[in-house]
2 protein chains.
Amino acid sequence: MGWGDLGAFGEPSKETPNLDQMASEGMLFLDFYTANPLCSPSRAALLTGRLPVRNGFYTTNAHARNAYTPQDIVGGIPDSELLLPELLKKAGYTNKIIGKWHLGHRPQFHPLKHGFDEWFGSPNCHFGPFDNRALPNIPVYRDWEMIGRYYEDFKIDLKTGEANLTQIYLQEALDFISKQQASQQPFFLYWAIDATHAPVYASKHFLGTSQRGLYGDAVREIDDSIGKILKHLQKLGISEDTFVFFTSDNGAALISAPKQGGSNGRFLCGKQTTFEGGMREPAIAWWPGHIPAGGVSHQLGNVMDLFTTSLSLAGLQPPSDRQIDGIDLLPAILQGQLIDRPIFYYRGNEMMAVRVGLYKAHYWTWSNSWEEYSKGIDFCPGQNVSGVTTHTQEEHTNLPLLFHLGRDPGEKYPLSFVSIEYQRAMEQISAVVQQHRATMVPGEPQLNVCDKAVMNWSPPGCEKLGKCLKQPESDPKKCFWPH
Amino acid sequence: MGWGDLGAFGEPSKETPNLDQMASEGMLFLDFYTANPLCSPSRAALLTGRLPVRNGFYTTNAHARNAYTPQDIVGGIPDSELLLPELLKKAGYTNKIIGKWHLGHRPQFHPLKHGFDEWFGSPNCHFGPFDNRALPNIPVYRDWEMIGRYYEDFKIDLKTGEANLTQIYLQEALDFISKQQASQQPFFLYWAIDATHAPVYASKHFLGTSQRGLYGDAVREIDDSIGKILKHLQKLGISEDTFVFFTSDNGAALISAPKQGGSNGRFLCGKQTTFEGGMREPAIAWWPGHIPAGGVSHQLGNVMDLFTTSLSLAGLQPPSDRQIDGIDLLPAILQGQLIDRPIFYYRGNEMMAVRVGLYKAHYWTWSNSWEEYSKGIDFCPGQNVSGVTTHTQEEHTNLPLLFHLGRDPGEKYPLSFVSIEYQRAMEQISAVVQQHRATMVPGEPQLNVCDKAVMNWSPPGCEKLGKCLKQPESDPKKCFWPH
């Protein structure tokens with residue numbers, strides 16, 4: 001989902017009344033970022049409070065490449081990483097993940113081995129394969145064992161776009177919240193649904209209801225579900241004890257637009273890129289009785305902050321034995337403070353850009369390769385900013401491309417290198433980057449090796465269901481990451 | 001000003017608290033249009049309720065060219081046109097225009113000859129000339145006579161961007177409203193300020209206050225002024241008797257971006273074009289006690305509707321002796337009805353495109369000429385949609401380019417000509433266009449002839465001020481309209 005997909009963020013059809021109301025009752029973050037322009041690394045960052053280059057969710061197979069956790073990935077979240085639910089346990093929290101895990105699907109990466117008490121969802125995304133013959137379909141787990149597979153037991157009709165998944169995930173959330181409220185136990189719910197990822201789906205009730213087509217139907221269903229979750233908290237009388245944050249893990253994918261693609265508003269390009277369209281996200285904080293209604297914040301925020309902020313809410317300190325990139329947003333949320341901090345835009349092993357205040361400096365630019373582009377793979381359809389949306393990896397380290405995101409949110413007009421404004425801003429930014437690089441110790445890259453043998457052939461529980469598939473011989477290879 | 005310039009419409013800096021509040025107290029129109037992608041024709045349409053091609057505010061000097069009223073224009077609003085203030089007089093209204101008139105500056109076109117009772121402002125825009133030597137600076141009138149000139153008596157500092165004009169126009173508005181309230185007379189105030197037109201300015205208090213630079217400063221000053229006008233109405237106790245509508249006369253000019261250009265959100269291109277960025281406008285209706293607070297309307301609206309709607313509010317019928325293009329929006333505003341009506345996108349003498357429902361068909365495409373484009377004049381900076389943002393005038397009459405503005409508000413993905421969806425939509429659109437063309441009787445074009453002799457050399461009142469300039473000999477020529 002992209003920055004521009006909500007009515008509160010200017011989507012012209014304005015079809016998200018529940019999220020818009022969540023914003024009007026809570027706080028809208030206009031300058032909130034994900035940690036990576038792709039799913040798995042962002043989620044790893046959210047749960048560890050650390051940049052993917054630290055927690056291992058990146059690749060060194062090639063320079064500045066996006067990598068994630070497809071079925072044949074060998075790696076996953078290292079045991080050495082401390083995840084938010086592991087830490088929250090110390091404060092008595094019950095932790096549940098509903099939906100996409102994405103931090104590795106081999107046994108050692110199972111979410112219940114990393115702090116979660118309950119899981120209902122899938123280890124990988126619901127895109128392909130779709131036939132369970134040549135390759136296994138993605139399993140859906142309840143806690144330790146699979147209970148079925150996408151496209152087989154959990155239908156997604158690729159022709160009509162109908163699927164009941166968001167409704168199933170919604171019901172799981174409502175039930176979990178009810179259970180926790182009844183038992184008076186504090187809880188952390190990570191509601192990490194698959195929608196609006198392509199292939200886009202919505203349940204029957206929402207199909208055909210949006211001006212925006214199937215993608216809009218999916219957005220409307222998410223909006224409706226979040227409205228129901230918030231109302232459920234209110235009905236149970238725990239809304240003033242429950243901090244809720246809504247955001248997304250990468251910008252809207254424009255490659256699948258218009259039928260399967262969302263909106264990044266007026267920002268440049270989309271998912272997979274380190275332009276604003278790839279990493280600036282819709283974000284809303286909600287906590288009635290604590291967050292002033294109708295608040296708007298320009299705090300530079302990041303999904304990694306949800307790690308630190310959640311610990312703070314639980315009265316816990318972040319680990320002191322490692323670098324944590326997330327900051328505690330509570331002073332911004334509760335007291336309206338603006339905390340000075342940079343935003344780093346990584347693609348794989350490379351820091352592509354950095355934002356300090358309203359300035360953003362690109363040290364590297366790349367949309368995608370000419371080879372891909374010539375095949376019709378376009379992360380910036382209809383957008384082409386000369387020297388900016390480059391199709392070769394262009395290094396600008398000696399003279400970064402600098403944009404003022406207030407005057408030029410669309411990253412179309414680089415500042416003149418000889419201007420005083422450029423020199424002043426770059427002085428400040430250079431110091432931030434120097435400090436960042438001097439203290440950067442990259443983690444061991446987890447997304448380098450792929451092997452068909454590790455796919456979801458025979459997840460735990462498959463025997464009971466008669467759904468075990470024959471695992472091929474191991475044949476580990478370097479994963480190929482084209483962009 | 002463009003669709004995306006207000007916080008309520010998704011501007012990322014969200015710096016328009018007063019307009020956003022006006023929207024939350026009133027009704028936001030998301031599908032509201034101007035009648036032309038350029039100033040003078042739009043304003044003529046607003047005041048006559050008729051398309052520029054009917055009221056004469058267009059040119060036949062060349063095909064599909066934007067024309068307006070520079071100082072050397074010979075034409076202006078024809079006497080045969082009935083303007084909104086002329087009609088409102090019949091219902092006892094006092095009518096005032098504050099700001100830019102733009103419907104011709106020769107004596108017969110004076111706003112007080114066309115229904116206004118009072119005028120404070122200028123006949124033309126404040127851009128150039130700036131020295132009053134080779135050419136006269138634009139005069140500022142109070143009612144029948146000039147009281148000074150821009151850049152001489154009404155300072156605009158082109159270096160700092162400082163000018164007090166919006167404050168002067170604000171005070172005029174507040175004074176007029178107070179006077180009308182005191183005399184218990186109904187009034188029509190046309191607050192047609194120059195800002196945010198380039199060269200952009202703001203008063204000292206607002207300079208440097210916006211994240212967006214000088215343009216944002218100007219937007220903030222407008223926002224603040226409108227807040228003051230609405231509060232003034234409330235303070236005087238007449239807010240429930242006063243219908244207020246906010247909109248703009250064309251999309252944001254992108255040619256002057258980023259320092260002097262605004263935002264059309266995610267829409268394609270800007271001012272001068274018939275893409276959505278050129279003609280879709282921010283629009284808010286406000287009338288406490290009548291318009292439900294927080295309303296949102298997808299009614300296809302047009303500035304021409306303000307003519308018909310205002311007459312309706314005053315209990316008057318629109319003229320029956322001529323084609324009126326504006327519709328009465330009150331059913332949409334007060335009862336939430338959706339009235340079926342098309343939007344026509346004209347450029348000069350050509351209907352370039354038409355919107356019916358969510359479909360928009362382009363019968364002609366043109367951004368601007370290669371000749372201009374190669375000189376750096378770009379109405380779609382950073383945007384280039386192959387076959388859509390064409391630099392030659394391309395006719396598509398036999399097979400219009402069709403977009404679905406719900407799924408594709410950015411006009412990037414024309415529908416396949418062979419799809420059933422295309423055929424069904426075009427059937428409906430073709431009937432609307434056929435009907436439109438069959439009944440179209442263009443007015444006599446007013447924007448064909450230019451003559452240096454008609455410039456503002458010696459406006460009435462210049463003698464008293466010692467500001468009369470020598471008029472050169474008449475030398476009428478065809479005006480040159482490059483785009």
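The values are calculated or read from the model by the stated rules, or taken from the named source; none is laboratory data. Just so it is clear, the structure is predicted and the values come from calculations on it, not from any experiment. So basically every Cβ, Gly included, is an ideal-geometry build from the backbone, and we count neighbours across all protein chains shown. To get the accessible areas, we keep the full protein, side chains included, count just its heavy atoms, and leave off ligands, DNA and RNA. Shrake-Rupley method; radii C 1.70, N 1.55, O 1.52, S 1.80 Å.
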- Message: Looking for something closer than 26 Å to B:ALA253 by Cα and either over 24 Å from the mean Cα position of the chain (by Cα) or at the interface with another protein chain (Cβ under 10 Å from one of its Cβ atoms) (or both) - is there at least one such residue anywhere in the stretch A:361-373?
- Response: no
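Would you check if A:TYR363 is within 26 Å of A:PRO400 (Cβ to Cβ), in contact with a strand residue (DSSP E or B) (Cβ under 7 Å, 6 or more places away or on another chain), at pLDDT 95 or above and of a type outside the set (Asp, Glu)?
Criteria met by A:TYR363.
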- Item | Residue in the stretch B:388-396 that is farther than 28 Å from B:ARG266 by Cα and not in a loop (DSSP other than H, G, I, E, B) present | no
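Can you tell me how many residues within the stretch B:380-405 are more than 19 Å from B:GLU427 (Cα to Cα) and either of a type outside the set (Asp, Glu) or within 7 Å of another protein chain (Cβ to nearest Cβ) (or both)? Spell out how you get there, then give the answer.
Applying the first criterion (more than 19 Å from B:GLU427 (Cα to Cα)) to the stretch B:380-405 yields B:380-394.
From what's left, either of a type outside the set (Asp, Glu) or within 7 Å of another protein chain (Cβ to nearest Cβ) (or both): B:380-393.
Going through the stretch B:380-405 one residue at a time, the tally reaches 14.
Applying the selection to the stretch A:123-151, what residues are assigned to a loop (DSSP other than H, G, I, E, B) and within 20 Å of A:PHE109 (Cα to Cα)? Please lay out each step first, then the result.
Going through the stretch A:123-151, the residues assigned to a loop (DSSP other than H, G, I, E, B) turn out to be A:123-138, A:143-144, A:151.
A:PRO123, A:ASN124, A:CYS125, A:HIS126, A:PRO136, A:ASN137, A:ILE138, A:ASP143, A:TRP144 - these are the residues of the stretch A:123-151 that are assigned to a loop (DSSP other than H, G, I, E, B) and within 20 Å of A:PHE109 (Cα to Cα).
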- Message: Give all pairs with beta carbons closer than 7 Å in which a residue from the stretch B:372-395 that is in contact (Cβ under 8 Å) with a residue 60 or more places away in the chain meets a residue that is in a loop (DSSP other than H, G, I, E, B) and of a type in the set (Phe, Trp, Tyr); count only pairs at least 6 apart in sequence or on separate chains.
- Response: B:GLN393/B:TRP366
- Item | Complete set of residues in the stretch B:9-27 that are surrounded by 24 or more Cβ atoms within 10 Å (Cβ to Cβ) and facing chain A (nearest Cβ under 9 Å) | B:PHE9, B:GLY10, B:GLU11, B:PRO12
- Query: Of these, A:GLU411, A:GLU444, which one is more than 30 Å from A:TYR373 (Cβ to Cβ) and in a loop (DSSP other than H, G, I, E, B)?
  - Reply: A:GLU444
- Message: Return the pair list, or none, for Cβ contacts closer than 6 Å from residues in the stretch A:178-191 that are assigned to a helix (DSSP H, G or I) to residues that are aromatic (Phe, Trp, Tyr) and surrounded by 14 or more Cβ atoms within 10 Å (Cβ to Cβ), at least 6 apart or on different chains.
- Response: A:GLN180/A:PHE187
- Query: If you check A:PRO409 against the conditions, is it touching a strand residue (DSSP E or B) at 6+ places or on another chain (Cβ under 9 Å), open to solvent by 50 Å² or more (accessible area, probe 1.4 Å) and either modelled with pLDDT under 95 or within 14 Å of chain B (Cβ to nearest Cβ) (or both)?
  - Reply: no
- Message: Can you tell me which of (1) open to solvent by less than 10 Å² (accessible area, probe 1.4 Å); (2) closer than 23 Å to A:THR242 by Cα is the one A:ILE73 doesn't meet?
- Response: (2)
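Residue check: is B:ARG280 within 12 Å of the chain's Cα centre (by Cα) and more than 18 Å from B:MET22 (Cα to Cα)?
Yes.
Criterion first (aliphatic (A, V, I, L, M) and open to solvent by 30 Å² or more (accessible area, probe 1.4 Å)) does A:LEU236 satisfy it? Explain how you work it out, then say what you get.
Values: aliphatic (A, V, I, L, M): yes; open to solvent by 30 Å² or more (accessible area, probe 1.4 Å): yes.
It is true that A:LEU236 is aliphatic (A, V, I, L, M) and open to solvent by 30 Å² or more (accessible area, probe 1.4 Å).
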- Message: Every residue in the stretch A:42-76 that is touching a helix residue (DSSP H, G or I) at 6+ places or on another chain (Cβ under 9 Å) and small (Gly, Ala, Ser), please.
- Response: A:SER42, A:ALA44, A:ALA45, A:GLY49, A:GLY56, A:ALA67, A:GLY75, A:GLY76
- Query: Just one of the numbered conditions (1) at pLDDT 95 or above; (2) open to solvent by 40 Å² or more (accessible area, probe 1.4 Å); (3) more than 30 Å from B:PHE187 (Cβ to Cβ) is not true of B:GLY376; which one?
  - Reply: (1)
- Message: Looking for something more than 18 Å from B:CYS125 (Cβ to Cβ), more than 14 Å from chain A (Cβ to nearest Cβ), part of a loop (DSSP other than H, G, I, E, B) and among the basic types (Lys, Arg) - is there at least one such residue anywhere in the stretch B:72-92?
- Response: yes
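Would you pick out the residues in the stretch B:255-285 that are among the hydrophobic types (A, V, I, L, M, F, W, C) and open to solvent by less than 10 Å² (accessible area, probe 1.4 Å)? Walk me through it before giving the result.
Of all residues in the stretch B:255-285, those among the hydrophobic types (A, V, I, L, M, F, W, C) come to B:255, B:257, B:267-269, B:275, B:279, B:283-285.
Those that are among the hydrophobic types (A, V, I, L, M, F, W, C) and open to solvent by less than 10 Å² (accessible area, probe 1.4 Å): B:PHE267, B:LEU268, B:CYS269, B:PHE275, B:MET279, B:ALA283, B:ILE284, B:ALA285.
Which one of these is modelled with pLDDT of 95 or more and either outside the structural domain of B:ALA252 (by the TED database) or open to solvent by 30 Å² or more (accessible area, probe 1.4 Å) (or both): B:GLU145, B:GLU172, B:GLU152?
Values: B:GLU172 fails: either outside the structural domain of B:ALA252 (by the TED database) or open to solvent by 30 Å² or more (accessible area, probe 1.4 Å) (or both); B:GLU152 fails: modelled with pLDDT of 95 or more.
The match here is B:GLU145.
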- Message: Which count do you get for residues in the stretch A:28-48 that are within 14 Å of chain B (Cβ to nearest Cβ) and in a helix (DSSP H, G or I)?
- Response: 0
- Query: Could you give every pair whose Cβ atoms fall below 8 Å, whose first residue belongs to the stretch A:207-234 and is on the phi > 0 side of the Ramachandran plot and at pLDDT 95 or above, and whose second residue is in a loop (DSSP other than H, G, I, E, B) and open to solvent by 20 Å² or more (accessible area, probe 1.4 Å), counting only separations of at least 6 or pairs across chains?
  - Reply: A:GLY213/A:PRO258; A:GLY213/A:LYS259; A:GLY213/B:ARG407
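Quick check: is even one residue across the stretch B:51-58 touching a Ser or Thr at 6+ places or on another chain (Cβ under 7 Å) and in contact (Cβ under 8 Å) with a residue 60 or more places away in the chain?
In the first step, residues of the stretch B:51-58 are kept if they are touching a Ser or Thr at 6+ places or on another chain (Cβ under 7 Å); the result is B:55, B:57.
So of that shortlist, the ones also in contact (Cβ under 8 Å) with a residue 60 or more places away in the chain come out as B:55, B:57.
Yes, the stretch B:51-58 has at least one match.
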- Assess whether B:SER419 counts as being open to solvent by 60 Å² or more (accessible area, probe 1.4 Å) and free of Cβ contacts under 8 Å to residues at least 12 places away in the same chain. no
- Message: It is to be established whether one or more residues within the stretch B:322-339 are open to solvent by less than 30 Å² (accessible area, probe 1.4 Å) and at positive phi.
- Response: no
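Would you point out the residue of the stretch A:77-110, among those that are more than 19 Å from A:GLN317 (Cβ to Cβ), free of Cβ contacts under 8 Å to residues at least 60 places away in the same chain and out of contact with any helix residue (DSSP H, G or I) (no Cβ under 8 Å at 6 or more places or on another chain), that is most open to solvent (accessible area, probe 1.4 Å)? Lay out the reasoning, then the answer.
Kept after step one, since they are more than 19 Å from A:GLN317 (Cβ to Cβ), are these residues of the stretch A:77-110: A:77-79, A:94, A:96-110.
Those still in the list that are free of Cβ contacts under 8 Å to residues at least 60 places away in the same chain too: A:79, A:108-110.
In the following step, the residues that additionally are out of contact with any helix residue (DSSP H, G or I) (no Cβ under 8 Å at 6 or more places or on another chain) were identified as A:108-110.
Details: A:GLN108: 75, A:PHE109: 15, A:HIS110: 16 Å².
Per the stated criteria, the residue is A:GLN108.
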- Task: Give the residue, chosen from A:THR196, A:THR166, that is under 23 Å from the mean Cα position of the chain (by Cα) and open to solvent by less than 10 Å² (accessible area, probe 1.4 Å).
- Result: A:THR166
- Item | Residues (farther than 23 Å from A:VAL74 by Cβ, open to solvent by 50 Å² or more (accessible area, probe 1.4 Å) and modelled with pLDDT of 95 or more) located in the stretch A:429-454 | A:SER430, A:ALA431, A:GLN434, A:GLN435, A:ARG437, A:ALA438
